[in-house]
Every structure is written in C-alpha cells, then in structure tokens.
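What follows is a short report on a single structure.
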Amino acid sequence: MFYRGVPGNGTQKAILGQQGIAIPRGTALDEGSLIQHVLGEDVNAGVTSWTTERGVAQRFSGPKGTIIEVDLSKVSNQVVPRPNVPKYGGESDVLLKGTVQGKPTTP
C-alpha cells in the first residue's frame, strides 16, 4: 500500500483528500522539477508524494487530516523514479504521476 497524508486545513487539496483524490500541481516530469518537488519547493511537477509507511503519512496529515490509501497494483504504471535527494530519504517517499484516486481514511 501507498499512503498520502493530507492536512485538514480547508484548502482545495484538503477537500480533495477527503474524497481520496490527489492531483499534482502541474505536469512537469523532468529531473529538475522532480528534485524541486522532493525538496518541497514550489514547482509545477506532475507528481504527488506518497509513502510506504502509514506513520509517515500520519505526520503529514495531522490529527484532523486525511490519509489516502492506494494499492500499488492499481498505480504501478504511475510510479516515477525518485531522484536521489538524501535530505528526505527517511520518508520512504514514492512519486506517482498524474491524478490518483484512493481510499480516504482517518489518521
């Protein structure tokens, strides 16, 4: 399973998260954009970040957010190789391109 933690802060991202939907900011899939995305910079990358560890998603969602769950078998064709950015290597980060529809759950 892959997990995505979405804070419950009332933003459009949060509202979509409650529906189990993750939409990237843009469409860029070049290495520079992916590196900027992993570093948390404001970039129009065509990916969203996920993790293989539910506990990591809980840190991002907070107690009032949503954790979106999706089975690897349903998104295997959307996995994008993660650039080697050691700063956030402990998050078990997985990048998925395009819109992802998963199951919304509570933290």
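The values are calculated or read from the model by the stated rules, or taken from the named source; none is laboratory data. From a predicted model like this one, the values you see are computed outputs, not experimental measurements. Every residue, glycine as well, gets a Cβ built from its backbone with ideal geometry; the counts of neighbours run over all protein chains shown. Please note that ligands, DNA and RNA were not included when accessible areas were found on the heavy atoms of the full protein model with its side chains. Shrake-Rupley method; radii C 1.70, N 1.55, O 1.52, S 1.80 Å.
Please compute the net charge surrounding Asp42, taking Lys and Arg as +1 and Asp and Glu as -1 over other residues with Cβ under 15 Å from its Cβ.
Result for the neighbourhood of Asp42: +1.
For Lys103, which aspartates and glutamates qualify as cross-link partners when the Cα separation must be under 12 Å and same-chain residues fewer than eight apart are set aside?
Glu69, Asp71
Compute, for the chain, the length of the dipole vector about the Cα centre, with Cβ point charges of +1 (Lys, Arg) and -1 (Asp, Glu) only. Units Debye, rounded to 20. Mind showing how you got there, number by number?
On the way: 11 positive and 9 negative charges, 64 e Å.
Approximately 300 debye in magnitude.
Order of 13-20, 26-33 by packing, highest average Cβ count within 10 Å first?
13-20, 26-33
At 1.4 Å probe size, with the rest of the protein present, what percent of the exposed accessible area of the stretch 1-89 is carbon and sulfur atoms?
Solvent-exposed carbon and sulfur of the stretch 1-89 make up 51 percent of the total.
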